[in-house]
1. Compute log10 of I(q)/I(0) for the chain with the Debye formula, placing one identical point scatterer on every Cα and leaving out solvent, at q = 0.07, 0.12, 0.13 Å⁻¹, to two decimals.
2. Could you tell me which of the pairs 194/273; 19/119; 40/109 are separated by over 20 angstrom between their Cα atoms in the structure shown?
3. Report, to the nearest 10°, how far helix 281-290 tilts away from the longest principal axis of the Cα atoms in the chain, using its own Cα long axis and a range of 0 to 90°.
4. Could you work out how far helix 327-340 tilts from the main Cα principal axis of the chain, as a 0 to 90 degree angle to the nearest 10?
5. Net charge near residue 26: determine it from the other residues with C-beta under 15 Å of the C-beta of residue 26, scoring Lys and Arg +1 and Asp and Glu -1.
6. Using 1/(1 + (r/R0)^6) with R0 = 25 angstrom and r between the beta carbons of residue 280 and residue 87, what's the FRET efficiency to the nearest 0.05?
7. Between residue 20 and residue 356, 0.36 nm times their residue separation minus their Cα-Cα distance comes to what?
8. Tell me the label-point distance for the pair residue 200, residue 52, using the 7 Å Cα-to-Cβ offset, in nm and rounded to one decimal.
Amino acid sequence: MGIVIEKATETRYDSIDWKNLGFGRYFADHMFISFYKDGKWDEGKIVPYGPICFEPAMMTLHYGQTIFEGLKAYYDVNGGVNLFRPDMNAKRMNNSAERLCIPKFDEKKFVEAIIELVKLDNKFVPKVKGESLYIRPVCFGSSSFLGVHPSSEYTFIIMTSPVASYYPEGLNPVKILIEDQFVRAVRGGLGNAKTAANYAASLYAGHKAKEKGFSQVLWLDGIQHEFVDEVGAMNIMFVIDDILITPPLSQGSILPGVTRDSVLILAREMGIKVQERSIKIQEVLEAYERGTLQEVFGTGTAATISPVGKLYYKDKEMIINNNQIGPIAQKMYDTLTGLQHGLIKDTHNWIIHIDI
Ligand code: COI
């Protein structure tokens, strides 16, 4: 039996400024919701998107036992809609669940619920390249109790939001501050789980950096402040001496990005030399001084491929590739978006096509 659907009686479609979507501002008509109680998840159902009611003692408000995901539905130039590697999000959500003591959600059901939701709200998938329907699953402890231990009840919601690019810069290079005082995560902490705490930890330094005109901060490791971690909203990649270098997942402090993984696979197939290894910020500075730092770019579902044009470390400014997108970042952007919009044949089985 399929998922039960309670249809919205009114649509939010007309209240959306489709020419000026921004990111995360608008929501489609429906959401999927499922509750965990007495040791099991219920069947879940699709209901109109809207407020839900919790008591002030709801545990997540106090102790942050919450995880989320991010993926996108793209219009296919040949008709219908494409999801990009949703199985990876399902898996990653369950890895985050394990770390946060949250009961796992069936991965097949996760993908099935997304497909049903996107089918139902397909008119919210923008028909513009570079725009998409962002899908945000979120799962949190929802018992009412004041005391630090895992919740006994949970709520899992999938909402969708038509979006344009995450950074107002779009595919134009962003300006990033390398943070040398505050930290996002430490080894052994929560850095590789997609949980609210990592984003909360990033707010203060991110806000200070914005005041100084930066888009985001690049985090260094939480102990020596020497090794590059990630940008919080995206993983980071460097091209030095024609080698694509990115910090390894084994550091335990960075998010295992789906876009990161896809770019590494594509790069290897394209014959680009790839190194997943720890990289000191000093090495980046030295490469810049030598003139061998060719490109820096971020990878993320929300950010897609985001070239970094300017990097600041202490008082040092590094202008990367004349503040232009570099050839590898451009190639990755074109290939990924080509696959996602059905312009390039999917030879990896990454796409789940939804007929509308
Ligand atoms: C995503 O890339 O999907 C994320 O969750 C990043 C978030 C900061 C919007």
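1. -0.30, -0.91, -1.06
2. Numbers: 194/273 29 Å; 19/119 23 Å; 40/109 14 Å.
The pairs that break the limit, which is 20 Å between Cα atoms, are 194/273; 19/119.
3. The answer is roughly 50 degrees.
4. The angle comes out near 20 degrees.
5. On the way: positive: 12, 19, 25, 72, 123, 136; negative: 10, 14, 17, 29, 121, 131.
Its environment carries a net charge of 0.
6. On the way: r = 34 Å, r/R0 = 1.37.
So, using R0 = 25 Å, E works out to roughly 0.15.
7. Numbers: separation 336, 0.36 × 336 = 120.96 nm, distance 2.51 nm.
Full extension of this stretch gives 118.5 nm more.
8. Simple spin-label model gives 1.8 nm for this pair.
Coordinate-derived values only; no laboratory data. Keep in mind it's a predicted model, so treat the numbers as computed, not measured. Don't worry about glycine lacking a Cβ; one is built from the backbone with ideal geometry, like all the others, and counts go over all protein chains shown.
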